[in-house]
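Here is the structure we will look at.
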Amino acid sequence: MSPRQRQRKNTSAMRMLGKQLARFREAAGHTQQTLADAVQVDVETIASIEQGRRALRADLAQLLDELLDIRGALRVGVENMPDVDQFPRWAEEYMAHEREALTLSWYDSHVLPGLLQTAVYAETVMRNRVPAFDEDEIANLTEGRLKRQEILHRKDPPTTSFVIWEPALHVTLCAPADHKAQLRHLRACADLPDLALQILPLTSTRHAGLSGPFTLLETVEHQHLAYIEGQLGSQWVSSLDATSRLARKYAMLRTQALNTEDSKGLLDRLLGDQ
């Protein structure tokens, strides 16, 4: 099946699931507004889902199932939605949250954060994947990663914080000129409004992130979620206990890292600008 055919199949499934939500809502005596208020989302979110313009996320499906007392019907529908292109369901869900996040807190240790990567760096990361992606997958995934970066430049960008362990700055995945261009891009990102970039230096004797990278985000519904990447897959974390523990790790990482001005100074020195 071609990417275009998969997209059409996914759009059709979204419309069908949206119509089911509308019927369940009406049967329960809710308007779009009262349902939106009950699950604490914008009424436009409910309207867009019912019209098939917006994907229903698993966490919202579960809330709606419980509120409408429909025994998991929407959750099952979400679980059986077709994947689009190369992005699996968990990635689609993460990107949906990321696009609308109020805040993002991101710790990375081996590579630079995806939201701060240049096109060449992002493509190189994709090419290092084992088992290997094919050329079409590399092109699509790189394009998708770069498109995600638009949130940093929108009119109302999320409040973003990045802590990067210094070794990630020194790993030369690209040619020397491309590596330097990536560092210059990182330095430019450090001056963006609502963005804080901190480097955890090699000289630090304290490190709260040795267990690996993670991302924390706050949704428009003020729900706090976390996302963890590992060798064998990625994992959503939504329990209050787990997100609290990761938030405490991140708070400690920020105290152990250089402040934002000293982090810019470190980048300037690596670039030879000081």
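The values are calculated or read from the model by the stated rules, or taken from the named source; none is laboratory data. Source: prediction; values computed, not measured. Cβ placement follows ideal geometry from the backbone for every residue including glycine, while neighbour counts extend to all protein chains displayed.
Some notes on this structure:
- Within region 236-274, the set of residues being among the hydrophobic types (A, V, I, L, M, F, W, C) and assigned to a helix (DSSP H, G or I) comprises L240, A242, L246, A247, A251, M252, L253, L266, L267, L270, L271.
- Any pair with Cβ under 6 angstrom, 6 or more apart, that starts in region 54-78 at a residue that is touching a residue at least 60 places away in the same chain (Cβ under 8 Å) and ends at one that is of a type in the set (S, T, Y) and part of a helix (DSSP H, G or I): none
- L63 being in contact with a helix residue (DSSP H, G or I) (Cβ under 6 Å, 6 or more places away or on another chain), farther than 19 Å from L225 by Cα, surrounded by 15 or more Cβ atoms within 10 Å (Cβ to Cβ) and not assigned by TED's automatic domain parsing to the domain that holds H224: no
- A count restricted to region 120-142 and to residues that are more than 18 Å from H110 (Cβ to Cβ), in a loop (DSSP other than H, G, I, E, B) and of a type in the set (A, V, I, L, M) stands at 1.
- Conditions (1) within 27 Å of K180 (Cα to Cα); (2) modelled with pLDDT of 95 or more: number failed by G212: (2)
- From the options E123, E166, residue that is surrounded by 17 or more Cβ atoms within 10 Å (Cβ to Cβ), among the charged types (D, E, K, R) and free of Cβ contacts under 8 Å to residues at least 60 places away in the same chain: E123
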